Amino acid sequence: MSTRFLLLALPTRPALASTRLPPSALIYKHHVHHLAPRKPSERARTDISTSRTSGIASRKSFFSTSSRYAVEEPPRTSPKTSTAEQPLSPTRAGPTGRTVDLKYDLHKPSSSVEEEYEGGTAGVVIAHGLFGSKQNWGSLGKSIAARTGLPVYALDLRNHGASPHVDSLHYQDMAADITHFIKHTVRSEIGNKPVLLIGHSMGGKAVQAVALSPELEPGLLSGMISVDMSPKRGSLSKEFIGYVDAMEEIERAQCSTRKEADEILQRYEQDIGVRQFLLTNLTRSPADAPFWTFRIPLDIIRRHISQLGDFPHGPDDSVSSVVRALFVKGSKSAYINHKNIPLARQFFPSMRLVTLEAGHWVQAEKPREFVDLVHRFVKGESVGEVPEHL
């Protein structure tokens, strides 16, 4: 059976004492949790200093799998016929080669690192998932900075947040954007020192593409962490295009209130958490505009969503990376499994696997454990195991 999945980045309840943690996520078909939204920021960049390590709240019941989504259900019927009646197969459209300057939030530690990390790690760069933004990693970014003493750069990937819109969602293009950011922004602040890349969901594929790039400069990366994401190619669920249909209908309706927009979206999606998250992408541009529009480029996403099921490399490619790689799997998620682990090992021979008792939103459900993993990984400790069987 071909892999069918739906990429989304959803907000969550607060994981830290004083701030929200909305992690980016890849949502399986019919496996959506009720999650609370986070209001997006208009800042292109914020320098955030942490004065102390924030306490991370325990949230055991909030992320437990709902019985509503515990088994496969028949697909919902949308009131509007979708332009995609079948799952969207990965496109073979090539990358554009156009690089954009990514916007970001910088989370500064209260004090500089006092120990030499494995590979000389001098910073952390984080990539979110589809429909997400740098805000998704605000709380965890602060905690990672406080725990490691390293600056943490949370990105807005292309066509997301405050970053430029460009006619491609190809992972090779995303990888080029991230590489450009490290070379021209991060290095201007920390010097020619290596960084650790972390990516969740769609961002996980993007950071893997960076590590596998033939043009990767030696010494650019000290390591890579992919959170619940394998490099396997797969088909996107046809339901995804329904969200684009809904957002386009909202714009055509010229909604003056968020309530009006939600009423339209409810015809496509019953889960209030998903609706509230999608509506965080609403904006008034200019600020005094009478109607709401979406900050994400719906036309670009519609044209190129099938690229999100693709990956620059396949099993027949003789490519591998010497970059230290850690894959973090949620025990309740099937996205990293015995079928795609061999491909991950082919691409990343040094890979280690850690499984945490969580669903796909590993870093949100287990924030303490996740921050601890990051710290141990940059210290060069033996984290996880060489995967043989799952």
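Multiplying the residue separation of SER112 and THR283 by 0.36 nm and removing their Cα-Cα distance gives an extension gain of 57.8 nm.
Within straight-line reach of LYS366, meaning a Cα separation under 18 Å, sit the following aspartates and glutamates at least 8 residues removed in sequence or on another chain: ASP228, GLU357. Structural size metrics of the range 171-322, computed from C-alpha coordinates, are Rg and Dmax of 19.1, 54 Å.
Taking amide H atoms as placed 1.01 Å from N in the peptide plane, the amide H of HIS200 lies under 5 Å from those of ALA127, VAL227, each 5 or more residues away in sequence or on another chain. Each of PHE370, GLN254, GLN266 was placed along the dipole of the range 242-390 (beta-carbon charges, centred on the mean Cα), and the one lying farthest toward the positive end is PHE370. Computed from the C-beta positions of VAL322 and ARG368, the FRET efficiency with R₀ = 35 Å rounds to 0.70. State the antiparallel share, in %, of DSSP beta bridges confined to the range 161-308, rounding to the nearest 5. Of those bridges, close to 25 percent are antiparallel.
A simple spin-label model places pseudo-atoms 7 Å from Cα toward Cβ; at SER256 and GLU217 they are separated by 5.3 nm. Restricting the GluC sites (Glu not before Pro) of the range 219-288 to loop positions (DSSP other than H, G, I, E, B) with no more than 15 neighbouring Cβ atoms within 10 Å leaves nothing.
Using a cut-off of 32 Å between Cα atoms, the listed pairs LYS142/LYS193; LYS103/LYS259; LYS142/LYS332; LYS183/LYS238; LYS193/LYS332 include LYS183/LYS238; LYS193/LYS332 as exceeding that distance. Each semi-axis of the equivalent ellipsoid for the range 252-390 is √(5λ) with λ an eigenvalue of the Cα gyration tensor; in descending order they amount to 39, 19, 15 Å. Estimated at 0.36 nm per residue, the fully extended path between ARG267 and ASP101 surpasses their Cα-Cα distance by 56.1 nm. Relative contact order for the range 150-309: 25 percent, from Cα pairs under 8 Å spaced at least 6 residues apart, divided by residue count.
Rule-based calculations on the coordinates, nothing more; no lab input. This is a predicted model, so every value here is computed, not measured. With ideal geometry, Cβ positions are generated from the backbone for all residues, glycine too; neighbour counts draw on all protein chains shown.
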